[in-house]
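Worksheet: one structure, shown below.
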Amino acid sequence: MERDQTEELRALQDTLYFIGGKWRIPIINAICNGNRRFREIERSIPGITTRMLSKELKEMEMNKLVKRTVYPETPVLIEYEPTGYCRTFGNIISEMINWGREHRRVIVEDKI
């Protein structure tokens, strides 16, 4: 049976659109590692701006990757957590980390 290359390409493009953003994977990684509040997430990702983090979190919430919970306290407390759907991406992130480590090792050894 022949594969539907058009469907595969569309699926790859959807995935690349999601992971193509410079900050999305680091944000997911930060949240999955226990950083729940905006400032915790921001501090755990060197170089990200407040504006960019806010924009990415809104988009990730729209795409059902993070859940935003507002606690009516003084001051207002807002927490983010990964959704079950987001957690399905965990194995992919782990494999990307493993590949990145191996790639760095290969590149560094080539320079020796």
Being of a type in the set (Gly, Ala, Ser), under 18 Å from Thr83 (Cβ atoms) and exposed (fewer than 14 other Cβ atoms within 10 Å of the Cβ): is that true of Gly34 here?
yes
Among the residues of the range 23-34, which ones are without any contact (Cβ under 8 Å) to a residue 12 or more places away in the chain and either in contact with an Asp or Glu (Cβ under 9 Å, 6 or more places away or on another chain) or small (Gly, Ala, Ser) (or both)?
Gly34
Listing of helices (runs of 4 or more DSSP H) fully contained in the chain that carry 3 or more residues being modelled with pLDDT of 90 or more, within 12 Å of the chain's Cα centre (by Cα) and not basic (Lys, Arg)
24-32, 50-62
Kindly evaluate Met62 against the criterion of being surrounded by 14 or more Cβ atoms within 10 Å (Cβ to Cβ) and under 16 Å from Phe18 (Cβ atoms).
no
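The values are calculated or read from the model by the stated rules, or taken from the named source; none is laboratory data. Please read all numbers here as calculations on a predicted model, not as lab measurements. Cβ coordinates were reconstructed from backbone atoms using ideal geometry, including for glycine residues, and neighbour counts include every protein chain displayed.
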